[in-house]
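Engineer: I'd like to ask you about the structure that follows.
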Amino acid sequence: MLNLEDHSRIVVKIGSALLVEEGHLKRDWLNFLADDLCRLTKRGTEVIVVSSGAIALGRGVLGLPKGVLKLEESQGAAAVGQIELAEAYQKIFAHRGMTTGQVLLTLRDTEQRRRYLNARATVSTLLKLGAVPVINENDTVATTEIRYGDNDRLAARVATMVSADCLVLLSDIDGLYTAPPAENPLAEHIPVVERITREIESMAGAVGSELSRGGMKTKIEAGKIATNAGTAMVIASGKRLHPLTNIAQGGRCTWFKAHSTSATARKTWIAGQLKPTGQVTIDAGAEKALRKGKSLLPAGVTDVSGRFQRGDTVCIVDASGREIGRGLVAYDCDDAVRLVGHRSREIESILGYSSRAEMIHRDDMVLGDDD
Ligand code: GLU
């Protein structure tokens, strides 16, 4: 289904470079986008906006110099810019009879299960009440280790959180090319990506523009989160006016097809975690057992690294370091280290208390493709 208008719940991510020029909000552009969003909602489509721009706007208001900001400067700029941004959305949507609700999220709100469920409930309630959620990262309190830093992956997490069927990333480029077009004039545009393979990943360059943090690399990462959870993704240029109408009319963009998924919502959440806090290395026998649907026992673990607590997400890797899957670990890292290679019946004598026989239970585990 590669028609925008066939989708019923769409997350639209708007990059800073589209919204802000020389520290000022591009109100005209936003008005055209609001027309598009309004048209979609009139058709019965639910829309959620993930908008960047707080830092870029705030730095304009505060007169901060060009170039990379210190963390505390971007936090301050976000505090100033976010009010402007929210006010602009509120006014522009109200003008079209639409209500908006601001939701500011941090990485922890999506990575901790309880907070995630809470955020999901809030966004769902706004939709039910007919308000358009306008979401950004809460950059005023996000510090380096606990921040998304780019709204591409935040938007993908939001899209999977609310089970959107489509995620649109509006950016300053009209899709994915075989190589970054700025570096390679022969690069060809790719209209449809069936699956994000390593080859597709290698087509994205590394850098973003001065205003937008992401660049193509984080867009592809966003695509992995979205498509694996059953959400299609589109990368399209927002430079033209009415960018959503343009996509709906078959304008140039790149579609990333969604994969149908039978995974439970909980497993989808585990798979989409951005920052697993640790890693367990397993032997070939354990990998075979996991592929047959078994749980991971301490006996099959050859190494444990990282600082994590019981219930945190860890990566499961093979002897070569390749990620096989992810899961919620049943032990704190200090205890997990002590159990490496031991039989489950030894757990009580090693730790001094009896606990789960599995290091990671199969219900708490998601495995990647065996390619
Ligand atoms: N959250 C940041 C802001 O509003 C933008 C991050 C990004 O550029 O993706 O300024």
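Nothing in this text is a laboratory measurement; each read-out follows from the coordinates by a stated rule. Nothing here was measured: the structure is a model prediction, and the numbers come from that model. Cβ placement follows ideal geometry from the backbone for every residue including glycine, while neighbour counts extend to all protein chains displayed.
Engineer: Just name one of 299, 233, 191: the one whose Cα is farthest towards the positive end of the charge dipole of the range 164-302 (beta-carbon charges, Lys/Arg +1, Asp/Glu -1).
Structural biologist: 299
Engineer: While we're on this one: Quick one: if you stick a label point 7 Å off each Cα along the C-beta vector at residue 319 and residue 179, how many nm between them?
Structural biologist: For residue 319 paired with residue 179, the spin-label model returns 3.8 nm.
Engineer: Moving to a separate point now. Nearest 10 degrees is fine. How inclined is helix 215-228 to the longest principal axis of the chain, computing both from alpha carbons?
Structural biologist: The answer is roughly 60 degrees.
Engineer: Among 246, 184, 151, which one shows the biggest mean-square fluctuation in a GNM of the chain, springs joining Cα atoms closer than 10 Å?
Structural biologist: 184
Engineer: Also: In debye to the nearest 20, how big a dipole does the range 90-197 give about its Cα centre with +1 on each Lys and Arg Cβ and -1 on each Asp and Glu Cβ? Provide the component values of the computation, followed by the final result.
Structural biologist: Numbers: 12 positive and 13 negative charges, 168 e Å.
Dipole size: approximately 800 debye.
Engineer: Go through 15, 30, 333 and say which Cα lies farthest out towards the positive end of the charge dipole of the chain; charges sit on Cβ, +1 for Lys and Arg, -1 for Asp and Glu.
Structural biologist: The Cα lying farthest towards the positive end belongs to 30.
Engineer: Only helical DSSP H runs with n ≥ 4 go in: add -39500 (n - 2.57) per run for the chain, normalise by residue count and round the 222 nm mean residue ellipticity to 500 deg cm²/dmol. Numbers along the way, then the final one.
Structural biologist: Working: 14 runs with 138 residues, N = 371.
When only DSSP H runs of four or more count, the value is -11000 deg cm²/dmol.
Engineer: Calculated FRET efficiency, residue 355 and residue 71, Cβ-Cβ r, R0 25 Å, to nearest 0.05?
Structural biologist: Result of the calculation: an efficiency of 0.05.
Engineer: Still on this structure, please answer the following. Given a cut-off of 22 Å, name the pairs among 26/66; 42/219; 257/292; 70/219; 42/128 whose C-alpha atoms lie farther apart than that in the structure shown. If you can, show how the numbers build up before the last one.
Structural biologist: Details: 26/66 19 Å; 42/219 29 Å; 257/292 28 Å; 70/219 24 Å; 42/128 15 Å.
Violating the 22 Å Cα-Cα cut-off are 42/219; 257/292; 70/219.
Engineer: Continuing with the same structure: Given +1 on the Cβ of Lys and Arg, -1 on the Cβ of Asp and Glu, and no further charges, what dipole in debye does the chain carry about its Cα centre, rounded to the nearest 20? List each step's numbers first, then the result.
Structural biologist: Numbers: 47 positive and 46 negative charges, 179 e Å.
Dipole magnitude for the chain comes out near 860 debye.
Engineer: Taking only Cα atoms, what is the 0 to 90° angle, nearest 10, from helix 27-42's long axis to the longest principal axis of the chain?
Structural biologist: 70 degrees
Engineer: Which ordering of 41, 125 is given by a fewest-first count of other beta-carbon atoms within 10 Å?
Structural biologist: Numbers: 41 18, 125 12.
With the sparsest Cβ surroundings first, the list reads 125, 41.
Engineer: Which FRET efficiency value, to the nearest 0.05, is calculated for residue 369 and residue 35 with the Förster distance at 30 angstrom and r the Cβ-Cβ distance? Mind dumping the intermediate values first?
Structural biologist: Details: r = 41 Å, r/R0 = 1.38.
FRET efficiency, residue 369 to residue 35: 0.15.
Engineer: Projecting each Cα onto the charge dipole of the range 252-371 (Lys/Arg +1, Asp/Glu -1 at the beta carbon, about the Cα centre), which of 284, 255, 270 comes out farthest on the positive side?
Structural biologist: Positive-most Cα among the choices belongs to 255.
Engineer: On to the next question. If you put +1 on each Lys and Arg Cβ and -1 on each Asp and Glu Cβ, how big is the dipole of the range 294-371 around its Cα centre, in Debye rounded to 20?
Structural biologist: Computed about the Cα centre, the dipole is about 260 debye.
Engineer: Follow-up question, since we're still on this one. Taking the chain as the reference, fit the longest principal axis to its C-alpha atoms, fit the long axis of helix 113-128 to the helix C-alpha atoms, and give the angle between the two in degrees, 0 to 90, nearest 10.
Structural biologist: Tilt of helix 113-128: around 30 degrees.
Engineer: By how many nm would the segment from residue 128 to residue 21 grow when fully extended, if each residue of separation counts as 0.36 nm and the alpha-carbon distance is taken off? Provide the component values of the computation, followed by the final result.
Structural biologist: On the way: separation 107, 0.36 × 107 = 38.52 nm, distance 3.42 nm.
Taking residue 128 through residue 21 to full extension adds about 35.1 nm, to one decimal.
Engineer: If you don't mind, there's one more thing I want to ask. Give me the distance in nm between label points sitting 7 Å out from Cα along the Cα-to-Cβ direction at residue 197 and residue 99, one decimal.
Structural biologist: Using points 7 Å along Cα→Cβ, the separation is 4.9 nm.
Engineer: Still on this structure, please answer the following. Which trypsin sites (Lys or Arg not before Pro) in the range 295-353 sit in a loop by DSSP (not H, G, I, E or B) and have at most 16 other Cβ atoms within 10 Å of their own Cβ?
Structural biologist: Values: sites: 307, 310, 322, 326, 338, 343, 345; in loops: 307, 310, 322, 343.
Here the trypsin sites (Lys or Arg not before Pro) that fit, given the DSSP loop and packing criteria, are 307, 310, 322, 343.
Engineer: Between residue 141 and residue 91, 0.36 nm times their residue separation minus their Cα-Cα distance comes to what? Working shown, then result.
Structural biologist: Details: separation 50, 0.36 × 50 = 18.00 nm, distance 2.59 nm.
In short, 15.4 nm is gained.
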